[in-house]
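Undergrad: Got a structure here, written out as structure tokens. Questions coming.
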Amino acid sequence: MTNESPPRIGDLLRSAAAQATPLVRGTADASFAAPTPCAEYDVRALLNHLFGVVLNFQALAAKQPADLSYTADRLADPDWRDRFEAETGKLVEAWSAPGAEEGTTGGMGLPARTVGSMVLLDLTVHAWDLARATGRSFAPDPAVVAGLADEVAGMAPMARKMGVFGDAVDLPEDADAFARLLATTGRDPRAWRA
């Protein structure tokens, strides 16, 4: 039996960011009105949400307050793609800083690692949402999926109660780990094939 510590959130975020930022950069303005697997968002709203998450979770990594209730239209700035990439890099740095995963953070006083897993989940699942909404494929780093599995299972009941996750979707026995992760959040990967 090994006592391996789990991968650091900053390392997992670095991998997730490396996959998400090219998807964001490659999203054409013409697709902004397209629906996404995240029913309350079209592509533009999804990108604005993800941008807000990237900014707010930088603050949370530093144990600072964050306001997740307001979403600005950051896509009005012609350089939004460059800025998103730069801010996502800052997010990775923030969660890689010593102490970022320790203690509690956020308005609900959650364990910092749980909060870090939330932003890792958003960056991963919303990258899939964006890819599917724009007809592209997306396969996250298996280490990211493995790093999220237990955290997502643990947060799912509260996330459903808060309306953040939909009802879990039943999948066939042979579904892969990422499909199961999506299903836990209420997404049906079979309905949004690339």
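Undergrad: Please build a GNM for the chain, connecting alpha carbons under 10 Å apart, and tell me which residue among 50, 68, 130 fluctuates the most.
TA: It is 68.
Undergrad: So for the chain, averaging the separation of alpha carbon pairs under 8 Å that are six or more residues apart and normalising by length, what relative contact order in percent results?
TA: Details: 242 pairs, mean separation 48.7, N = 194.
Rounded, it is 25 percent for the chain.
Undergrad: So if I take the centroid of the Cα atoms in region 22-66 and the same for region 96-153, what is the distance between those two points in Å?
TA: Going from one Cα centre to the other spans 13 Å.
Undergrad: Which one of 9, 20, 30 has its Cα pushed farthest toward the positive end of the charge dipole of region 6-49, where Lys and Arg give +1 and Asp and Glu give -1 at the Cβ?
TA: Most positive-ward Cα: 9.
Undergrad: May I ask you to compute the full-extension gain from residue 192 to residue 176, defined as 0.36 nm times their residue separation minus their alpha-carbon distance, rounded to one decimal in nm?
TA: Numbers: separation 16, 0.36 × 16 = 5.76 nm, distance 1.52 nm.
Length difference between fully extended and current span is 4.2 nm.
Undergrad: Taking region 19-89, which GluC sites (Glu not before Pro) meet the DSSP loop condition and have no more than 11 other C-beta atoms within 10 Å?
TA: The qualifying sites are 40.
Undergrad: While we're on this one: Below 8 Å between Cα atoms, with a sequence gap of 6+, how large is the relative contact order for region 74-141 in percent?
TA: That works out to 14 percent.
Undergrad: With springs connecting C-alpha atoms under 10 Å apart, model the chain as a Gaussian network and identify which of 175, 59, 133 has the largest mean-square fluctuation.
TA: Of 175, 59, 133, the most mobile in the Gaussian network model is 175.
Undergrad: Suppose accessible area is computed on protein heavy atoms with a 1.4 Å probe; arrange 126, 49 from highest to lowest.
TA: The ordering from most to least exposed comes out as 49, 126.
Undergrad: Sticking with this structure for a sec: Can you give the calculated 222 nm mean residue ellipticity of the chain, where each DSSP H run of n ≥ 4 adds -39,500 (n - 2.57) and the sum is split over every residue, rounded to the nearest 500 deg cm²/dmol?
TA: Taken over the chain, the calculation gives -18000 deg cm²/dmol.
Undergrad: Dipole of the chain (Lys/Arg Cβ +1, Asp/Glu Cβ -1, origin at the Cα centre): which of 45, 124, 106 lies farthest to the positive side?
TA: Of the options given, the answer is 45.
Undergrad: Moving on to the next point. Please list, ordered by chain and number, the residues whose modelled amide H lies under 5 Å from the amide H of residue 42; skip anything fewer than 5 residues away on the same chain.
TA: Under 5 Å from the amide H of residue 42: no residue qualifies.
Undergrad: Of all trypsin sites (Lys or Arg not before Pro) in region 110-194, which ones are in loop regions per DSSP and have a Cβ with at most 13 other Cβ atoms within 10 Å? Show your work: numbers first, answer last.
TA: On the way: sites: 113, 132, 136, 160, 161, 180, 187, 190, 193; in loops: 136, 187, 193.
When the trypsin sites (Lys or Arg not before Pro) of region 110-194 are filtered for loop state and at most 13 Cβ neighbours within 10 Å, 193 remain.
The values are calculated or read from the model by the stated rules, or taken from the named source; none is laboratory data. Not measured: the values here are computed from a predicted model. Neighbour counts run over all protein chains shown; Cβ positions are idealised from the backbone, glycine included. Accessible surface is based on the protein model in full, side chains and every heavy atom, while ligands, DNA and RNA are left aside. Shrake-Rupley method; radii C 1.70, N 1.55, O 1.52, S 1.80 Å.
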